[in-house]
Each structure stands twice: as C-alpha cells, then as structure tokens.
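The values are calculated or read from the model by the stated rules, or taken from the named source; none is laboratory data. In this text the structure is predicted, and so the values were computed from the model without any measurement. When we count neighbours, we look across all protein chains shown, and the Cβ atoms used for this are built from the backbone with ideal geometry, even at glycine. These area figures cover heavy atoms from the full protein model, side chains too; ligands, DNA and RNA do not enter into them. Shrake-Rupley method; radii C 1.70, N 1.55, O 1.52, S 1.80 Å.
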Amino acid sequence: EVTSSQGAERLAAFYAKTVSNENFFEFSGLVWWILVVGGMILTGMLGGLVSNECIASSTFLAFFDGIAKALFHSQENVMIVFKLAVATHVLEASWAIKVAREDGCSNTWCVWFIQTLILGYPSLSLL
C-alpha cells in the first residue's frame, strides 16, 4: 500500500522527468515595468542626472523633488539611494544567472539576467 506522501513523491518524480526548464522564462507584470523603470529614472533625475533648472521648470519633477528632499533631505542623498538601487539590481541580476543555471534554464539565463537587472526583485521572485 502507498501512502499519500509516497504517491505525491512518485508523481513529482514522474513529472520531473517530463518537464524541462531549459526554455523557462516568465515576464514580470507590466505594473512592475512601469513602477520600477519609472522610479529608477525619476530617482536618477532627481539625484542629479539632470540640472536643477530642468527640475524646477517641470511641475511633475518639482512635485517629486519636494517629496524626495523631504524623505532624503538633500539631492546628494537621493543620488546615494539611486546608486544603491543600481548596485542592488546588479547583484540581483548576478544572482539570477546563478539560480537560472541551477534550475536548468540553459536557454534563458541571459534573459533572466537582463530582466532582473532592469526590475530587480519582481523578476528574481519569478525565478
């Protein structure tokens, strides 16, 4: 007689033989692309990648500049946050290569790297 846990293990072993991860890839949701890419661009701009005159001349940028300065107290601190976010995405993307290769995503590890480099955790969590 087979217990339910033994049956589950047999079923998992059977399907593991028939499923291949070599082409596995999943796009992160559109909302993550909008929020993360938009947030990274906005943080970089407010951190100093564009001039203060440009920020002051745009109502949109000036609004978010006020929020950023209230949260981080200076443009230099906003730039530190931006650089840390970029570094974090690089580390997450490097980790995505390791995980993708270990999971057998031999044809898609590069796409996982690129998506995770851009989005960070929302991509890595799908892997």
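Values for this structure:
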quantity: Student exercise, the chain dipole from Lys, Arg, Asp, Glu Cβ charges, in Debye to nearest 20; calculated: 80
quantity: With every protein chain in place, the chain: carbon and sulfur % of accessible area (1.4 Å); calculated: 67
quantity: The chain: angle of helix 59-72 to the longest principal axis, Cα-based, in degrees nearest 10; calculated: 80
quantity: Rounded to 10°, Cα long-axis angle of helix 109-119 versus longest principal axis of the chain; calculated: 30
quantity: Per-residue SASA entry for residue 49, accessible area with 1.4 Å probe, Å² rounded to 10; calculated: 110
quantity: Among 77, 112, 127 - extreme Cα towards positive end, dipole of region 69-127, charges at beta-carbon; calculated: 77
quantity: Nearest 10 degrees, 0 to 90: helix 75-102 Cα axis against the chain principal axis; calculated: 10
quantity: Top of 70, 87, 100 by mean-square fluctuation, Gaussian network on the chain, Cα under 10 Å; calculated: 70
